[in-house]
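The values are calculated or read from the model by the stated rules, or taken from the named source; none is laboratory data. Everything numeric in this text was worked out from a predicted model, so none of it was measured. Neighbour counts are summed over all protein chains in view; Cβ atoms, including those assigned to glycine, are modelled from backbone coordinates with ideal geometry.
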Amino acid sequence: MDHFSAIIGQSPAIDSLIRSARIVAATDVTVLLKGKTGTGKEVLATAIQQASARANKAFISLNCAALPESLIESELFGHKKGSFTGASADKQGLFQAADGGTLFLDEINSLPLSIQAKLLRCLESGECLAVGDIKPYKVDVRVISATNTDLDKQIKAGEFRSDLFFRLNVVPLELPPLAQRTEDIESLIKHFMVLFEDTYTLTAPKFSKPALKALKAYSWPGNIRELRNLCERLSILLAGRVIEPENLPPEFNNKISSNAPIATDFTLPETGLKLDTLEANLIYQALNRTKGNRSQSAKLLGISRDTLLYRMHKHGFAM
């Protein structure tokens, strides 16, 4: 069974991500998933857990942004009866509940500073201390965490501990935004349409070529989650029909999405241009400027490193 089949797509960025995730899953290493909201971090965390030696043990997920600071310590580490107002009985924490298995800490960037030191101790020693207790308990838990913000910026702002970051960031895996993997949109649509056809017992609609073109031109600020929601809405409202551009929400029919960056320093020549030639030229300039550093070149071009490698291969650049 392929536990990574839930990661839909064949783009170079996704292929590279899945290859790395398979290697990571075979170990017990701590993983930090990076990516914007809606890119599928929890889906990837679940796949890693299911492909690991801990697959038959507990997999517990916590969104660190969903709880107030006053409750998150108790939620993670548990508490003793009478340790604070309302603590009417001993409570097991998520680390205890996940013992032997995996704990997924989503939006780790939202974890309060007061809890970060306690989490660091737990990760380094395997010892946790329940609120109101004086004797720590030992656990064997694999931690996968995720962030939708730049933790480096939070460290510089004093909002995140650098020592905790280095402990979480043993193996970082970055999920690309949907706008950088538009070649996967059709595969994702097919997946979601089959899902909602079964869920609602309705005939799935089909997308015309102009509608698909409009979807691929969109900036997708909500990423895969936004595409999933759109597919669910259309599966219900337009079941069995062919979806044309006019059937899409207004933001998909704008020639330039309000979320898309507008280039003001380039004007299309009156005589036109050859886009492939322009792309190859820009890649050449980026590589020349960075002395061949592919990661830095990708940043200059606003694309992922895997996308750059794919386009270098496409244009015949030496790899």
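Out of all the residues in the stretch 148-191, which are over 15 Å from Leu120 (Cα atoms), touching a helix residue (DSSP H, G or I) at 6+ places or on another chain (Cβ under 9 Å) and of a type in the set (Ser, Thr, Tyr)? Across the stretch 148-191, the qualifying residues are Thr149, Thr182. Among the residues of the stretch 88-125, those that are over 26 Å from Gln154 (Cβ atoms) and out of contact with any Gly (no Cβ under 7 Å at 6 or more places or on another chain) comprise Ser88, Ala89, Asp90, Ala97, Asp99, Gly100, Gly101. If the condition is being loosely packed, with under 14 Cβ neighbours inside 10 Å and closer than 26 Å to Asn109 by Cα, then the stretch 56-70 contributes Ala65, Ala66, Pro68, Glu69, Ser70.
The set of residues in the stretch 92-125 being under 18 Å from the mean Cα position of the chain (by Cα) and in a helix (DSSP H, G or I) consists of Ile108, Asn109, Ser110.
Under the condition of being out of contact with any Cys (no Cβ under 8 Å at 6 or more places or on another chain), crowded, with 17+ Cβ neighbours inside 10 Å and either modelled with pLDDT of 95 or more or within 15 Å of Arg167 (Cα to Cα) (or both), the residues counted in the stretch 79-98 number 2.
Among the residues of the stretch 297-306, those identified as modelled with pLDDT under 85 and either assigned by TED's automatic domain parsing to the domain that holds Ile18 or assigned to a helix (DSSP H, G or I) (or both) are Arg305, Asp306. Within the stretch 93-142, the only residue that satisfies the criterion of being under 20 Å from Leu33 (Cβ atoms) and of a type in the set (Lys, Arg) is Arg142.
The single condition among (1) surrounded by 15 or more Cβ atoms within 10 Å (Cβ to Cβ); (2) in the same structural domain as Gly93 (by TED's automatic domain parsing); (3) touching a Ser or Thr at 6+ places or on another chain (Cβ under 9 Å) that Phe165 does not satisfy is (3).
The residue that is surrounded by the fewest Cβ atoms within 10 Å (Cβ to Cβ), counting only those in the stretch 168-212 that are of a type in the set (D, E, K, R), in a helix (DSSP H, G or I) and touching a residue at least 12 places away in the same chain (Cβ under 8 Å), is Glu186.
Taken together, Ser110, Ser125, Ser88 contain a single residue that is in contact (Cβ under 8 Å) with a residue 12 or more places away in the chain, assigned by TED's automatic domain parsing to the domain that holds Gly35 and of a type in the set (Ser, Thr, Tyr), which is Ser110. Would you say Val31 is within 15 Å of the chain's Cα centre (by Cα) and crowded, with 21+ Cβ neighbours inside 10 Å? Judged against the criteria, Val31 is a match. Could you say whether any residue in the stretch 57-70 is touching a helix residue (DSSP H, G or I) at 6+ places or on another chain (Cβ under 8 Å) and part of a helix (DSSP H, G or I)? Yes: one or more hits.
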